[in-house]
Each structure stands twice: as C-alpha cells, then as structure tokens.
Amino acid sequence: MFKTPDWGMMIVLYFFLGGIAGGSYFTAAIADNFGGAKDRQVVRWGYLLSLPLVIICGLLLIADLGVPTRFLNMLMVFKFWDPMSIGAWMLGVFGLFSFVSSVLAFSQSEPMISLRRRVSLVGIIFGFFLASYTGVLLSVTAQPFWSEARLMGALFLASGASTGMAAVSLLLFVSGEAAGEGWGKVKRADRYSMIIELVILVLFLGLLGSAAAPITTGAFAPAFWGGLVIAGLLVPLALDFIGPRAKSAALLSAVLVLVGGFFLRYVILMSIQT
Amino acid sequence: MARTLAMFTDTSLCIGCRACQVACKQWNELPAEQPEWTGTYQNHAHFTDKTYRLVRFVEKPQADGGLQWHLMSDVCKHCAQAGCLDACPTGAIYRTEYGTVNINQDTCNGCRYCVSSCPFGVVAFNHDTGRANKCTFCNDRIHNGLGPACAKACPTESIQFGFREELVAKAQKRVAKLKEMGLKDASLYGADPNDFLGGLNAFFLLLDKPATYNLPDKPKLPQRNVFADSLLSVGSALLVGVGALLAFRERGQDKGGDGDV
C-alpha cells in the first residue's frame, strides 16, 4: 500500500559517510577540548577526515535528485519540522564548520588553537545533527518499519559515532601514530559507543516487534545478523575486551565496525525497497 | 481563501466502467502504460506516475464460497494535514486556495521524500521527468469553473464534486439511506475532520471496512514522529558524548586516576 522512495546505494553511502563525518568531527572536538597534548593527532585526523566526507555527502545527495540542477531549490525553503529541509541546510552549515576546523587544525599558534576549540564546541552540534537526522528522516515517513520505533535517529547517531571513531583510529594506524596514547583513547571511546549502539539496537528491535521482519527475517537477514550484529558489533566488542592485546586485533576490530556501520544503513534502507 | 472544494466518491454507485480513469488520462495527457496482471479486473495494482485515478476491483470471499465485488474509484485524498506537503523540502508541494494539494512541476527537484511520506501510497516518482506526480484535482479545470475530469465523466454520479460542507451533508444523508436499505457497514471515510489527518478533501462512502479497500483504518501523519525521534537522538548524543569524555579526559596526575573534566 505504501510507496517507497527508490533511494538506492547513493543514499546508503550518504547515510554511512555522513555518520562517519559527524562522528569523526565529534571525536576530534572532544579530544581537542577535553584531551591533552598527546591527543593532538586524533584532533587533526578527526577534523581532516570530516571535510572530504561532507563534500562527498553533498555530491551524493545532489546526484541522487531527479533533477540535480535544482538542488538549490532546497535552500530557498526552510521548514524546521521537516528533516529533509533542515538536513540540507545543516549539511551545508556542518561543511562550513568542518572547513574552518580543518584549516585551523594546521595552526600551531595558541590563539588559533583556542579559537578552534571554541568553534568545534558549536560545530559538534551540527556533527551530531548530520549523524542522526538521516535516521529521523526515515522515521518521519509512512513506512511502519522506518517509523514505528522512533529510535532510528538515536541508532544512527551511536553508529555514526562508533564508525567515526573507528575511521579515526584507522587513520592513526595508517599514518604510523598507533603507538600514541590517542589511539588507545579513541579505541576506548569507540567501545563505549558500540555498547550504546548495541543497547539501542536491542530496544529498536523490541519496540518494532513484528514490524522489524524486513531485516530480522528473509533475504536481508544474513546481512543484518551476520554483517551488522555479529561482524559489526559482537566480534569487534569481543576483540576489544577479551581478544589479544595485539595491534592487529584492534585494527581488525576497527575495520569490522566500519563494515557494520555500512550494513546498518544498507539493510534499513534497502530491505523495504524493491 | 476560497471555499474548500471536495470530491465525494460513493462506492455504492460505482459500476467499474473506468470512465474516470480514462477521462483523467485524457485531460491530464497521461500516456498509456503496459497493463499488468493483478489477479482481478483491476489495472494497475497501485497508483503510478501516469495513473492518478484508479478503479479498484476488490473481490471479497463470501461464506457460500462465492465472491462479492467491491468497486471503488480511488484517488489522491488531498488531506487537510498532508504528509507529502509537510515532507517537501523545496516547497513544490503546496495547498491551493481551494484546499487541494498540488505539486509544482517547475520547482520539484525529485528528492522523492513525498513518495515515502504519503500515508496512502499515492505520490509516485516519474523517472522520465525526474519529478513527483499525483492527482492535481484538475487544478487547471477548477480554476476555470469546471469540476475535475473524473467527476465530469462518471455516468452514475459515484464521483461527485462540489463545496466540501455541502458534499459532506449529502454524503451523510446517503449513508443513512443505505443503512435503511440494510447495508449496515456503510460509512464515510475521511469526511469528519476529527477522524484523521484533519479530514480528506477527497472522501469516500465505503460499504465495508477500510482494509477491504486497501485503505488504512487510521492513517497517521508521518511528521508526528519528528519530536520524539529527535529527542531520543539528543539522548543518544549525550550518552555517546559522556562515553567520549570518559575516554578522553585528562586524568589528574596526583589524584590517582580521578577525572578533572
């Protein structure tokens, strides 16, 4: 009876990358304001990662429109109660914050660092917004699977935070800074986010009940249970808590978190769209 | 604002001739589509970007093993509280001075949010033009003193057009008459503004439960979820934020691990 919007892989990718962009910016901002000198690389990589991602996000959204040249039409209207309208605005605003923070991330002077910290405390709000509004957007539709639990935004936010942290920890590893104290802190923060995500996911499934059937049973069940729940949440948590203390285990866990974050968006979007 | 216009579809009078469906296609210059096998005489299964009026041929199994036909000419409901209109981020979907809901094709950018926000599955995406389409209530006709093409073409007055309050009064009399005749389940769908969505400007007289006609019992406005879901997101943000603070706080050197956040 309900019609689905034909949102395909571009929107899945947008939801996934938008979550990472918001999550990595938020991680950097927390490390910047509340961490110490040893977290400097977390701060830099977190800000720098969010900028290219938010640009890709904007391009994906524009490319997905039926009439891409009309993307500016969204910026001629402001509806505060409409996630699609406010989301388009906030993507732009977050892009600005991400740009300013990224530029300031290269500065060594004390006043610039102090400015960066203050900017990021406001930017953090928009980072959170980008990571969660996509969930609220799905929840504000006529589709029972998307709308009945009212936890989609909360779930996407926790996933965005954990994937953002996983991405920052991967960058630290690749750039050879995994030995620093910052890496350990990012991994610890990621663990907390994953636990929060897991709890919200359980509540989400419980509240949906039979309406969760599109992901818990049928063709998308392997991607949901295998890709998200086991590979994306339980295995990384197990690796972090009881696994070997080796760097390779921590690296594997970060990769799996990203895989899980992708599958979360994939199964939720695609399972009810045929 | 001018007086609210409405369409009243009385399913007890529908004979399934599909004159409305054809008149709609002709007036709105909607091209033909490949027919699809739905298991009944109905074509298509649902509204499409080229089918704004759709006669539903519902076959209801009877106790004696036979089938009873429920015929219903379905259309966009032009809801007083319209999910598609609230969802539209470009303002392309607007309410006319007659209370009808219309999509401005010159500003729609094809984001498709309205498609997923319609509680009735009416709005459809047109892949050829990259824009969303639905019944316009024959916007060009009503602004020139004519009724919608479907109502004009209906040979049994199953589809009636007029001012809303007058049509509702007429419909209520019709329900009372049908009940007198023994059709106990006859009822109006969407006529009362207090029932759901502030009332439908295209409302119906049904002879059975709404579900029989593939209609939701109590359609809900999607935007009801904005506040609760946003609030829970903020809660999730606070939890994640506290987690990150715990991980990143600089521990006091002489306090044995106590935080100084």
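The values are calculated or read from the model by the stated rules, or taken from the named source; none is laboratory data. Values in this document were obtained by computation on a predicted structure and should not be read as measured data. Neighbour counts are summed over all protein chains in view; Cβ atoms, including those assigned to glycine, are modelled from backbone coordinates with ideal geometry.
Every residue, every condition in (1) within 21 Å of A:Ser132 (Cα to Cα); (2) at pLDDT below 95; (3) crowded, with 24+ Cβ neighbours inside 10 Å, yes or no:
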{"position": "A:Phe2", "(1), (2), (3)": "no, yes, no"}
{"position": "A:Val12", "(1), (2), (3)": "yes, no, no"}
{"position": "A:Ala37", "(1), (2), (3)": "no, yes, no"}
{"position": "A:Leu49", "(1), (2), (3)": "yes, no, yes"}
{"position": "A:Gly58", "(1), (2), (3)": "yes, no, no"}
{"position": "A:Leu61", "(1), (2), (3)": "yes, no, no"}
{"position": "A:Trp89", "(1), (2), (3)": "yes, no, no"}
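Residues in region B:1-25 that are closer than 23 Å to B:Asn201 by Cβ and loosely packed, with under 14 Cβ neighbours inside 10 Å: B:Met1, B:Ala2, B:Arg3. Just one residue in the set B:Pro148, B:Pro119 is in contact (Cβ under 8 Å) with a residue 12 or more places away in the chain, farther than 27 Å from A:Phe78 by Cβ and crowded, with 23+ Cβ neighbours inside 10 Å; that residue is B:Pro148.
For (1) in a helix (DSSP H, G or I); (2) under 14 Å from the mean Cα position of the chain (by Cα), each residue gets a yes or a no:
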{"residue": "A:Lys3", "(1), (2)": "no, no"}
{"residue": "A:Tyr14", "(1), (2)": "yes, yes"}
{"residue": "A:Ile20", "(1), (2)": "yes, yes"}
{"residue": "A:Ser24", "(1), (2)": "yes, yes"}
{"residue": "A:Thr27", "(1), (2)": "yes, yes"}
{"residue": "A:Leu48", "(1), (2)": "yes, no"}
{"residue": "A:Val54", "(1), (2)": "yes, yes"}
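Residues that are free of Cβ contacts under 8 Å to residues at least 60 places away in the same chain and assigned to a helix (DSSP H, G or I) within region A:168-182 comprise just one, A:Val174. Looking at B:Val75, B:Val22, just one residue is in the same structural domain as B:Cys111 (by TED's automatic domain parsing) and over 24 Å from B:Asp195 (Cα atoms), and that residue is B:Val22. For region B:139-166, the set of residues classified as in a loop (DSSP other than H, G, I, E, B) and in contact with a Lys or Arg (Cβ under 9 Å, 6 or more places away or on another chain) consists of B:Leu146, B:Gly147, B:Pro148, listed by residue number.
When region B:218-232 is filtered for residues that are touching a residue at least 60 places away in the same chain (Cβ under 8 Å) and more than 7 Å from chain A (Cβ to nearest Cβ), the ones remaining, listed by number, are B:Pro219, B:Lys220, B:Leu221.
Of the strands (runs of 3 or more DSSP E) lying entirely inside region B:1-97, those containing at least 1 residues that are over 19 Å from the mean Cα position of the chain (by Cα) and on the phi < 0 side of the Ramachandran plot are B:54-61, B:67-74. With respect to (1) surrounded by 19 or more Cβ atoms within 10 Å (Cβ to Cβ); (2) at the interface with chain B (Cβ under 10 Å from one of its Cβ atoms); (3) over 25 Å from A:Leu138 (Cα atoms), the lone exception for A:Gln41 is condition (2).
Annotation note: of A:Ile125, A:Ile196, A:Ile200, the sole residue that is surrounded by fewer than 20 Cβ atoms within 10 Å (Cβ to Cβ) and either part of a loop (DSSP other than H, G, I, E, B) or not hydroxyl-bearing (Ser, Thr, Tyr) (or both) is A:Ile125. All conditions but one from (1) buried (at least 19 other Cβ atoms within 10 Å of the Cβ); (2) closer than 17 Å to B:Asn201 by Cα apply to B:Glu166; the one that does not is (1).
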